[in-house]
Every structure is written in structure tokens, then in C-alpha cells.
Amino acid sequence: MIVQANNALLMAIVIVLATATTLRSQPAQKLSDRQHACDQAQTQAEITQCASEQYHKADARLNAVYRKALDSMQKDLSDAQIAKDADQTKHSLEAIEKLKAAEKVWIQYRDLHCEATRYQYEGGSISSTMWASCMEQTTLNRIEELKSVYEDEDRKLE
């Protein structure tokens, strides 16, 4: 029983340390929420399940932010078309295509990056947890990237 509790604690510490360097970029409230989200997990299976759930929450958030950014750009395109502004129409179309292309490449990057992370722990029960934690953190970073580029005072993505 003590060994199992120590293993769960060790796994939780490893997860926190493995993501600590990238977490510094997260706002304090988000960091606090993430640190406490899996506090009740005691077994490796529970820790992995929690990490997976955290990733899926981040992925849903990313999809909503991406959709809002794209919708905003589509509105700009529509406004340019209504105004019969050929230059702005062309610019808006190109901007939309660039965002879509960037997102496709980012997904490839995320997947390869997190598979490389998982590979570092291959054969260990923590490999799935590390993969899910990587997927979550990389996704949270992408949300912040999109917000920094496409959000302004008039357009909020969240």
C-alpha cells in the first residue's frame, strides 16, 4: 500500500517536473488549476486518465479559439466582398488560407513532438501520461499563440 502511494506521488512529481519549464508561460490562474486538476489521482491509470481528460479539455478550447479566429477572418472577407474592395478581398482570402495551412502544419508538429516525448518513456507505464501532458501543454501554447496574433480589443477569442 505504501509502495503504491509512493509510486503515485513519484509519478505526479515527474509530471509536474516534466512540464514545469513550459508552464512558466501560462498565467498564474491556469497554472494553479492545472496543478490541482489531478490531485486526487492515486494510481498510474488514474493519473493517465486525468492527463488525457486535461488534454481533451485543452483541445476543445483550441477548437473554439481557432473557429472564432477563422469566423472573424471570414467576416473581414465578407465585408470586403460587400464593399467590392478587391485588394482587401484578396488579402482576406490569403490570410484565411495561411491560417488553415499553419494549423495543418501545427497539428503535424504537435503530433510528432509529443510522440517523441512518449518515446523517451517507451516501455514505461508513464509514457501515455507524458504523451497526454505534452499534447495538453502544446495545445495550450497554441491557444496563446492564436490569441496573441488574432485577438485584439474588438475581437476576443475566448
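Read-outs: derived from the displayed coordinates by stated rules, not from any lab. This is a predicted model, so every value here is computed, not measured. A quick note on method: Cβ atoms are made from the backbone with ideal geometry, for glycine too, and the neighbour counts reach across all protein chains shown.
The single residue among 92, 72 that is of a type in the set (Ser, Thr, Tyr) and in contact with a Leu (Cβ under 6 Å, 6 or more places away or on another chain) turns out to be 92.
In the range 136-143, the count of residues that are in contact with an Asp or Glu (Cβ under 9 Å, 6 or more places away or on another chain), more than 16 Å from residue 52 (Cα to Cα) and β-branched (Val, Ile, Thr) is one or more. Of all residue pairs spaced 6 or more apart or on separate chains, those with beta-carbon atoms under 7 Å, a first member in the range 46-72 that is within 30 Å of residue 125 (Cα to Cα) and touching a residue at least 24 places away in the same chain (Cβ under 8 Å) and a second member that is of a type outside the set (S, T, N, Q) and not in a helix (DSSP H, G or I) are 47/38; 47/41; 51/38.
Across the range 101-111, the qualifying residues are those that are without any contact (Cβ under 8 Å) to a residue 24 or more places away in the chain and either in contact with a strand residue (DSSP E or B) (Cβ under 9 Å, 6 or more places away or on another chain) or charged (D, E, K, R) (or both), and the one among them that is farthest from residue 145 (Cα to Cα) is 111.
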